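Beneath this line is the structure, given in structure tokens, with notes to follow.
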Amino acid sequence: MRSEIRLSRSDIGFFEYISVFSCLKEGMLGMGRYVKKFEDLLSEYFNSNAVCVSSGTAALHLALESLNLPKKSEVLVPSLTYVATFQAIKSAGLIPRSVDVDILTGNMNIENLEKIYNTSCRAVVPMLYAGNTSHYRLILKWAKEKSLRVVCDAAHAFGSSDSGELVGNFGDITCFSFDGIKNITSGEGGCIISNDKNLINLVKDKRLLGVNKDSEMRYTNKRSWEFDVYNQGWRYHMSNVHASIGISQFKRKKYLFQKRKLLAKYYDELLFDSKIVNSFRRDYNNVVPHIYPVRLNSSINRNKFIKYLNNNKIQVGIHYKPNHQLSFFKSGISLPNTEKVYPRLLTLPLHTLLKLKQIRYIVSKINYYSNCI
């Protein structure tokens with residue numbers, strides 16, 4: 001019997017086991033020297049300052065809160081993103097303003113932003129959908145002209161490049177996620193990358209409940225006993241256990257990135273003339289894809305198609321239900337592109353344990369479906 005093809009999964013092996021075992025044997029499981037080592041690797045990779053935290057959502061929350069914008073300032077953000085992005089903005093005391101996307105890429109563009117922008121806006125949160133960097137540099141330029149801060153939600157884009165530069169090597173503030181199914185994982189975790197040293201220092205305190213300069217103590221496997229607190233803080237630090245996984249994954253990143261690119265290119269090749277799905281525009285020489293979303297032909301009933309794939313032991317997903325359609329974030333606005341693309345969205349399996357023969361099987365079932373309708 002054919003086993004189910006997973007939509008996504010972690011790729012954990014011998015080196016991660018050994019790294020975690022070493023951490024456990026050392027006995028310091030909370031934040032300590034492993035976190036410092038992981039941050040140093042990230043800082044060198046991005047040629048910038050790095051702070052590791054407990055999740056990608058925590059990274060966005062802390063980055064936005066540390067901008068010290070006036071409360072209730074508006075933040076421009078694509079509706080087509082996971083709810084974590086909106087929740088982080090709301091948690092920072094700011095107001096998310098839903099922005100439409102380019103239907104061919106899933107990312108915001110300047111035209112979308114101009115339609116929503118007003119003088120109450122203080123920041124922009126581009127979300128690099130499926131790892132794609134389309135429009136990102138133009139958004140950075142546009143935001144600078146309007147004196148807006150940019151906090152990039154690059155949860156999908158660890159390892160992606162634009163014009164030869166890594167996402168995280170340029171821009172204002174970049175937030176990554178290292179959860180279990182991302183391009184590299186630490187089990188749970190995230191990081192903030194920025195050359196804004198004042199912001200980075202503030203984030204370092206905030207992730208440890210606001211305890212002033214506690215990070216320096218933790219890096220040496222110690223903690224502060226006589227301390228002061230100057231800012232609102234949260235328990236958002238990364239643990240040594242998670243950092244030990246992240247360190248091993250980081251060392252394997254070249255293989256992990258190449259495998260993801262290879263699989264996405266293979267999908268593109270096999271689905272090029274599909275009558276069922278249309279692929280998004282991606283340059284997989286530069287993009288390291290976290291997911292492989294497609295747009296269904298308008299004649300396809302998505303629910304029936306998902307049931308058909310599930311019956312053939314193929315897991316699929318939908319990334320994402322637009323936030324402006326969620327009860328907590330509804331604002332009564334209309335976003336035509338987002339509303340057009342969402343009912344047709346479907347995400348096919350993509351992870352580094354996926355085999356080429358499994359992709360051939362998936363595509364064969366997609367092609368066969370065209371004969372059934």
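Observations
- From phi via Karplus (6.51, -1.76, 1.60), per-residue ³J(HN,Hα) for the range 80-92 in Hz, x at Gly/Pro: 7, 7, 5, 4, 4, 4, 5, 5, 5, 5, 4, 5, 7
- Options [x] 20.1, 65; [y] 20.9, 72; [z] 21.5, 68 - which one matches Rg and Dmax of the Cα atoms in Å as calculated here: [y]
- Two-decimal Rg/Rh across the range 161-234, once Rg and the Kirkwood Rh are taken from alpha-carbon atoms: 1.05
- Ordering of 353-363, 167-177 by packing [mean C-beta count within 10 Å, highest first]: 167-177, 353-363
- Using the rule -39500 (n - 2.57) for each DSSP H run of four or more residues, divided by the residues of the chain, the 222 nm mean residue ellipticity is -11000 deg cm²/dmol.
- Principal axis dimensions, the range 56-132 - Cα atoms, whole angstrom, descending: 34, 28, 15
- Counted by Cβ distance under 11 Å from ASP283, the other residues give a net charge of +2, where Lys and Arg count +1 and Asp and Glu count -1.
- Summary of packing: across the peptides 329-341, 208-220, the per-residue average of other C-beta atoms within 10 Å ranks them, highest first, as 208-220, 329-341.
- ASN109 long-range amide H proximity, modeled H, under 5 Å: ASP102
- Cross-link partners of LYS355 among lysines (Cα-Cα below 21 Å; sequence separation of 8 or more within a chain): LYS182, LYS253, LYS254, LYS259, LYS261, LYS265, LYS313, LYS365
- Packing rank of 33-41, 308-316, 48-56, where each peptide gets the mean count of other beta carbons within 10 Å, highest leading: 48-56, 33-41, 308-316
- Helix 197-206 and the longest principal axis of the C-alpha atoms of the chain enclose an angle of approximately 90°.
- Whether the range 79-219 is rounded, prolate or oblate, judged on the alpha carbon gyration tensor where a/c under 1.5 counts as rounded: prolate
- Alpha-carbon centroid distance for the pair the range 222-277 / the range 125-159, whole angstrom: 18
- DSSP beta bridge pairing in the range 86-214, given as percent antiparallel to the nearest 5: 50
- The chain: antiparallel DSSP beta bridges as a percent of all, rounded to 5: 60
- Calculated on alpha-carbon atoms, Rg and Dmax of the range 209-355 in Å: 22.0, 67
- Between the range 300-318 and the range 1-71, the alpha-carbon centres lie 32 Å apart.
No value in this document is a laboratory result; all are computed from the given coordinates. Model, not experiment: these values are computed from the prediction. Positions of Cβ are backbone-derived with ideal geometry, glycine not excepted, and every protein chain shown enters the neighbour counts.
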